[in-house]
Amino acid sequence: MESCNCVEPQWPADDLLMKYQYISDFFIALAYFSIPLELIYFVKKSAVFPYRWVLVQFGAFIVLCGATHLINLWTFTIHTRTVAIVMATAKLLTAAVSCATALMLVHIIPDLLSVKTRELFLKKKAADLDREMGMIRTQEETGRHVRMLTHEIRSTLDRHTILKTTLVELGRTLGLEECALWMPTRTGLELQLSYTLRQQNPVGYTVPINLPVINQVFSSNRAVKISSNVPVARLRPHAAKYMPGAVVAIRVPLLNLSNFQIYDWPEVSTRSYALMVLMLPSDSARQWHVHELELVEVVADQVAVALSHAAILEESMRARDQLMEQNVALDMARREAETAIHARNDFLAVMNHEMRTPMHAIIALSSLLQETDMTAEQRLMVETILKSSNLLATLINDVLDLSRLEDGSFQLDTANFNLHSMFREVLNLIKPVACVKKLSLTLHFASDLPVYAIGDEKRLMQTLLNVVGNAVKFSKEGSISITAFVAKPESFRDIRFPDFIPVPSDGHFYLRVQVKDSGSGVNPQDIPKLFTKFAQNQLATRNPVGNGLGLAICRRFVNLMEGHIWIESEGIGKGCTASFIVKLRIPDRSNEFKLPYMPKALVNHGSTSIAGLKILVMDDNGVSRSATKGLLMHLGCDVTTVGSSEECLRVVSQEHKVVFMDICTGLDGYELAVRIQEKFANRQDRPLIVALTGNTNKWTKENCTRAGVNGLVLKPVSVEKMKSVLTELLERRFVFETV
């Protein structure tokens, strides 16, 4: 058989079928060649596709597939070996690229799937982010509205303005048709319509507080949607075709409700709420959004805080007003008290002078009568008169001292004095009474007790006389011992009194005095009463003695001297011990041995003669003038008396060595003293002026000193006292009795 280079046709020789295959291969090749062009355009335009090399493989695969189909156009007819080789090469390349692409897809498909998953995840995240951004924008909008509302609400502290502003701002911010505030009534059983936005319903309308819808709202701290048909939501009259909008209600805590009243708010409530009702516009499909409800809740809390601040402000303003009223009342009471004190002091000053003036006559004339010859019975009667008069004078002194101590006008008169001599003088004064009662009286000084001290000698002596006098008064037999010593700092620990705190200091010492008696004693329960005014020691004798002022005055004197006084007793019939501590100053060594002001009893009167001394007496009271004249004439003086200042100025001359003048509460006496000194230009020709007064205040002494008065003597005056005054006046040219 002869060889041939032709190839047998693969398909049956059917021209029509061949024609269809030919056309199909042509269009397949055309489509395959167009796809790579599209891929190249996509890769060129896409900047984010991550698998460009895969697209290159797909392009090569498609081009080769197209090439095989294009080559098939030549294989339907007899073809040469060259065409067969080309055909085989194309198919081999197509097979290699196809296998490589298939294998590559095995690795790429999971990545492609993950890319799709990430895309979905990112889309979801983007959606969530958009939603969160929307919420943030909503919260920012809500916060802006809240800040705006809070600023408006807190721009005032008036409760009515706060509540009205809240409704107006909420209505404007949320576009409300109506907004209302229901307040609890005084009884707490009803809610009363108190504020509305549009004022379409009359204020004052009430509903029961126990309605289910109200309980529902009060039990929650969130805004609650309620029906528009409930009583608290009927905020405007219903029209024929009226469709109310959506309604919410929220409670508003009423803090410190008892501090303010609005439309009969309850005065006392442990937990009370107001009700705020808000309505959207009617005939609309608008509903409440979450951020709007949150805005309402925040505003309700802000309103509660603002109301509490307003309540606190009103409470403080009311307290301020009450305080101002109290201050006004206290100031009026203080003025009235000061007026009463001044009136009392004026009364006491006048009464003091008016009482001492007749007492001066009684004591002066009684002492003169005592100098005459009398029977024993008459002498006893005169002594009784003098004793009673002296007791009355002591009572007057005590009342005046107590008055000055209580109103704070009393001041201590401190000076250098002999402490030992003061104790001995008290002992000499008390001894006659003690001897009559056959009482043993002893005085003990500690070795370290200073001889001299600086303090108020008269008040210290008055305190000691009162304490020792009480011991003698309430002792029928036995002994009385007086002990004086310096209280050491370590001994203060034994004195347990809450109102006494010793404060040792340089240049001072604490004098402690103990007076122990074996008398009737005191019931321990009655000891505190002894230091009160007008308290008397009630003993078995049933005869209370004294006026009850002595220890009360002593206690105040001791307190002024930074000390303390107390009494100790084991009971009735067991005696008692009275003790007191006072703070005294230690004098400088340079002044220690200077002669202090000596008591009148110790002054030597023998060296001065007062007989024949020409004296002028001026007193507008005739009885007192006669008594003073009698005392001076008894002492041998040449006395002239006048009854007025004018007469005194006319009569006084260089022959008068002393002028006794009565000084009462007015200024006539002081002016008279100045006029007398002006009358005599030569100082040596001026008479010594002595003021006889019943006033015991410090201003009397100051006024006398300013007027140039040489002496001040307190009424009443006895023969001995007058003699002592004249002697001292002539020796020292001044004599001021401590008042």
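What number does segment 367-519 give for Rg over Rh if you use C-alpha atoms and the Kirkwood radius?
1.03
Would any residue of segment 370-384 have its amide N under 13 Å from a label point 7 Å out along Cα→Cβ of CYS435? List them or say none.
None, by backbone N distance to the label point.
By the scheme Lys and Arg +1, Asp and Glu -1, what is the net charge of all other residues having a beta-carbon under 12 Å from that of ARG686?
In short, +3.
Give me the log10 of I(q) over I(0) for segment 620-665 at q = 0.18, 0.30 Å⁻¹, as the Debye formula computes it from C-alpha points; what are the numbers?
Each listed q corresponds, in turn, to -0.56, -1.30.
Quick check: net charge around GLU655, other residues with Cβ under 13 Å of its Cβ, Lys/Arg +1 and Asp/Glu -1?
Overall, the nearby charge balance is +1.
Just subtract the alpha-carbon distance of GLU371 and GLU132 from 0.36 nm times their residue separation and send over the number in nm, one decimal.
Stretched fully, the GLU371-GLU132 segment lengthens by 73.9 nm.
Can you list the residues, at least 5 places off or on another chain, whose amide H is less than 5 Å from the amide H of ALA415, using H built in the peptide plane?
GLY455, ASP456, GLU457
Out of every Cα pair in segment 645-731, what percent are spaced more than 22 Å from each other?
24
How large is log10 I(q)/I(0) at q = 0.22 Å⁻¹ when the Debye formula is applied to the Cα atoms of segment 431-484, each weighted equally and without solvent?
Calculated log10 I(q)/I(0) at the listed q: -0.91.
Sequence-distant or interchain residues sharing an amide H contact under 5 Å with VAL639, placed H: which?
ILE615
What number comes out for accessible area per residue over segment 377-512 if the probe is 1.4 Å? Units Å², please.
About 53 Å² of surface per residue is accessible.
Of the peptides 471-479, 677-685, 722-730, how do they stack up when ordered by the mean number of other Cβ atoms within 10 Å, highest first?
Most protected by this proxy first, the peptides run 722-730, 471-479, 677-685.
If each of ILE341 and ALA319 carries a label point 7 Å out from its Cα toward its Cβ, how far apart are those two points in nm?
Here the modelled spin labels are 3.0 nm apart.
With a Förster radius of 56 Å, plug the Cβ-Cβ distance of THR185 and GLU119 into 1/(1 + (r/R0)^6) and report the FRET value to the nearest 0.05.
It comes to 0.30.
Using only the Cα atoms, what convex hull volume per residue in Å³ does segment 338-405 have?
61
Report the GluC sites (Glu not before Pro) located in segment 317-417 that are in a DSSP loop and have at most 16 other Cβ atoms inside 10 Å of their Cβ, or state none.
Passing sites in segment 317-417 are GLU371.
Find how much the distance from SER219 to ALA611 grows on full extension, using 0.36 nm per residue of separation minus their present alpha carbon separation; answer in nm with one decimal.
130.3 nm
Between ASP526 and HIS420, how high is the FRET efficiency from 1/(1 + (r/R0)^6) when r is the Cβ-Cβ distance and R₀ = 30 Å? Nearest 0.05.
The formula returns an efficiency of 0.30 here.
The values are calculated or read from the model by the stated rules, or taken from the named source; none is laboratory data. Because the structure is a prediction, the values reported are computed rather than measured. A quick note on method: Cβ atoms are made from the backbone with ideal geometry, for glycine too, and the neighbour counts reach across all protein chains shown. Side chains included, ligands, DNA and RNA excluded: accessible areas come from the protein's heavy atoms. Shrake-Rupley method; radii C 1.70, N 1.55, O 1.52, S 1.80 Å.
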